[in-house]
């Protein structure tokens, strides 16, 4: 079964880039310079290079009003551009990690399955999870920090 990884849209964050640090702080957002590897942008799904400016903010990635409703911290590169991945293509921020947590949800936002998958096996594990007729979509999370990475749909 073919799949597509869907990064977050730039338009959701672009208005924040022009705000001052004080205005960002009022919204619970922090502008930072990347000091070490491991700041994956959720718009490009690439790790931001050291020295680049990113926004660190809380993002509601699972908005359905279930017990699985969820928010978590994410990074967005201020130099980001919208990114589209081809069916079956894995983003650089996925393949540079050893594991991803994959969570399968139904149409109502209830979790129906989950796997901790080695990134080398993602091309097999993702289709297996999507093959379940109860699965509407997947969420990928970075295993070490547990934060939301991207949504994965059938293509």
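Values in this text are rule-based calculations from the coordinates and carry no lab data. Being a predicted model, the structure only gives us computed values, none of them experimental. Every residue, glycine as well, gets a Cβ built from its backbone with ideal geometry; the counts of neighbours run over all protein chains shown.
Observations on the model:
- Per-q log10 I(q)/I(0), the range 23-155, q = 0.12 Å⁻¹ (Debye; single scatterer per alpha-carbon; no solvent): -0.48
- For the range 1-86: rounded, prolate or oblate by the Cα gyration tensor [a/c cutoff 1.5]: oblate
- Hydrodynamic radius by Kirkwood, which averages 1/r over all alpha carbon pairs of the range 77-155, in angstrom: 13.0 Å
- For the chain, modelled as a GNM whose springs connect Cα atoms under 10 angstrom apart, the maximal fluctuation among 131, 22, 93 occurs at 22.
- Label point 7 Å beyond Cα of residue 78 along Cβ direction - residues of the range 49-68 with amide nitrogen under 20 Å: 49-59
- Scaling the Cα radius of gyration of the range 40-85 by the globular reference 2.2 N^0.38 Å produces a ratio of 1.32.
- Residue 97-residue 58 FRET efficiency (beta carbon distance; Förster radius 25 Å; 0.05 resolution): 0.70
- Cα centroids of the range 8-32 and the range 58-128: 22 Å apart.
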